[in-house]
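The values are calculated or read from the model by the stated rules, or taken from the named source; none is laboratory data. Every value quoted in this text rests on a predicted model; they were computed, and no experiment measured them. Cβ placement follows ideal geometry from the backbone for every residue including glycine, while neighbour counts extend to all protein chains displayed. Side chains included, ligands, DNA and RNA excluded: accessible areas come from the protein's heavy atoms. Shrake-Rupley method; radii C 1.70, N 1.55, O 1.52, S 1.80 Å.
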Amino acid sequence: MQAVSDPIGPATVDIFCGAGGLSYGMQKAGVKVVAGIDIDPACRHPFEANVSAPFHERDIADVSAGFVASLFPDTGPRVLAGCAPCQPFSAYTSGRAASVRQWGLLDRFGALVTEIKPEVVTMENVPRLTGRSVFEGFLSLLRKAGYQCTHRVVRCAAYGVPQTRSRLVLLASLLGGIDLAPPTHPDNGWVTVRDSIGHLESIPAGGAAEADPLHKASGLSKKNLRRIRAAKAGGTWRDWDRTLRVPCHTRPSGRTYPSVYGRMEWDLPAPTITTQFHGFGNGRFGHPEQDRAISIREGALLQTFPADYSFVPEDTIVNIGPVARLIGNAVPVKLAEAIGKSIVDHLKEHT
């Protein structure tokens, strides 16, 4: 495991902690994570194994402020991190019915903040959340409680994440003004797909590396194998012979969706890694050269998890779908590290 120092600084409780991407990155920056909370039991192993903090399997809608407050130490600055599930606001679910419960989780996070009054609050979410009434209400709640807030949509590639992903990052403090640390990577210095996964051994569709159970790829049907062999890096299904095209793409309503059944490009960042990155037909998730979708390990590396990050217990059979969901839902570690650095620098200035 890539070494994480034993931070003694600000203590964080990470609600909606998932597999620990945010917590792990913040710890690398010097923020001590004291607990994680998530409703998904699959998050317990990766969170506890990599973050080395207790995991509490709880529905945040039913968790009391008193319980969350009890997880913090008695002294020192407290940070409450809460990346509420973003599916209702995601471009990938645009036009679908939003879950009322998920929309309410941001309100629940705001209520916990106002009851606990941690010195610092951080939230990461999808850009489409900005301008929504639920987000404006959240900001208003924080400001009325005395927080100074900043929020911005950032390109993750500017912080060393090899993806075109953009994310909304909010920071709020009772101690004074706070903002996200400056980018670490200029536009001409982004980390690429080649930089991240180019060193991994070749595997076939449906195969796995003997030495790394997570370097495992989904299988392909005979027709999808023909499709990926016809796919060019950076191209679209429009490059294929018409006999290979999916029926929906032959209709006018389907012709405006070129970013599926595509291959990544070696010398550019990857597209946004979603929970479905293991499927060739789910986006531009084809390997740049090999005739398969990217593997679970490759998805994790593109999310900037270290190569030895443990997602399932040793000697456990790796089921691609559940592990891909953990990886795709995670905050990229490098972005989390920038958030952690911002908090550490802020507290050095104001405490």
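Which residues, taken from the range 183-230, are under 20 Å from the mean Cα position of the chain (by Cα) and either closer than 30 Å to residue 343 by Cα or among the β-branched types (Val, Ile, Thr) (or both)?
The answer is 183, 184, 185, 190, 191, 192, 193, 195, 196, 197.
Is it the case that the range 303-312 has a residue that's in contact (Cβ under 8 Å) with a residue 40 or more places away in the chain and in contact with a Ser or Thr (Cβ under 7 Å, 6 or more places away or on another chain)?
The answer is no; no qualifying residue exists.
Just for the range 171-197: of the residues that are small (Gly, Ala, Ser) and in contact (Cβ under 8 Å) with a residue 40 or more places away in the chain, which one is nearest to residue 135 (Cα to Cα)?
Ranking the candidates gives 172 first.
For the list (1) under 13 Å from residue 335 (Cα atoms); (2) in a helix (DSSP H, G or I); (3) in contact with a strand residue (DSSP E or B) (Cβ under 9 Å, 6 or more places away or on another chain), I need the number of the one condition that residue 158 fails.
For residue 158, the exception is condition (3).
Scan 205, 217, 211 and give me the residue that is modelled with pLDDT of 90 or more, under 24 Å from residue 321 (Cα atoms), open to solvent by 60 Å² or more (accessible area, probe 1.4 Å) and aliphatic (A, V, I, L, M).
Residue meeting the stated conditions: 211.
If you scan the range 179-194, which residues turn out to be assigned to a helix (DSSP H, G or I) and either in contact with a Phe, Trp or Tyr (Cβ under 9 Å, 6 or more places away or on another chain) or more than 23 Å from residue 268 (Cβ to Cβ) (or both)?
Those that are assigned to a helix (DSSP H, G or I) and either in contact with a Phe, Trp or Tyr (Cβ under 9 Å, 6 or more places away or on another chain) or more than 23 Å from residue 268 (Cβ to Cβ) (or both): 193, 194.
With a cut-off of at least 2 residues that are open to solvent by 20 Å² or more (accessible area, probe 1.4 Å) and out of contact with any His (no Cβ under 7 Å at 6 or more places or on another chain), name the strands (runs of 3 or more DSSP E) lying wholly within the range 7-91.
In the range 7-91, the matching strands (runs of 3 or more DSSP E) lie at 32-38, 55-57.
Which condition number in (1) open to solvent by less than 40 Å² (accessible area, probe 1.4 Å); (2) modelled with pLDDT of 95 or more; (3) of a type in the set (Val, Ile, Thr); (4) not in a loop (DSSP other than H, G, I, E, B) is the one that residue 153 fails?
Single failed check for residue 153: (1).
Cβ-Cβ under 7 Å, sequence separation 6+ or interchain: first residue in the range 317-340 and over 23 Å from residue 153 (Cα atoms), partner among the β-branched types (Val, Ile, Thr) and open to solvent by less than 10 Å² (accessible area, probe 1.4 Å). Which pairs?
318/296; 320/296; 323/296; 324/296
Collect the residues in the range 169-195 that are buried (at least 20 other Cβ atoms within 10 Å of the Cβ) and touching a Leu at 6+ places or on another chain (Cβ under 7 Å), keeping them in residue-number order.
Scanning the range 169-195 gives 169, 171, 172, 178, 180, 193.
Within the range 152-173, can you find the residues that are touching a Phe, Trp or Tyr at 6+ places or on another chain (Cβ under 6 Å) and more than 19 Å from residue 304 (Cβ to Cβ)?
Result: 172, single match.
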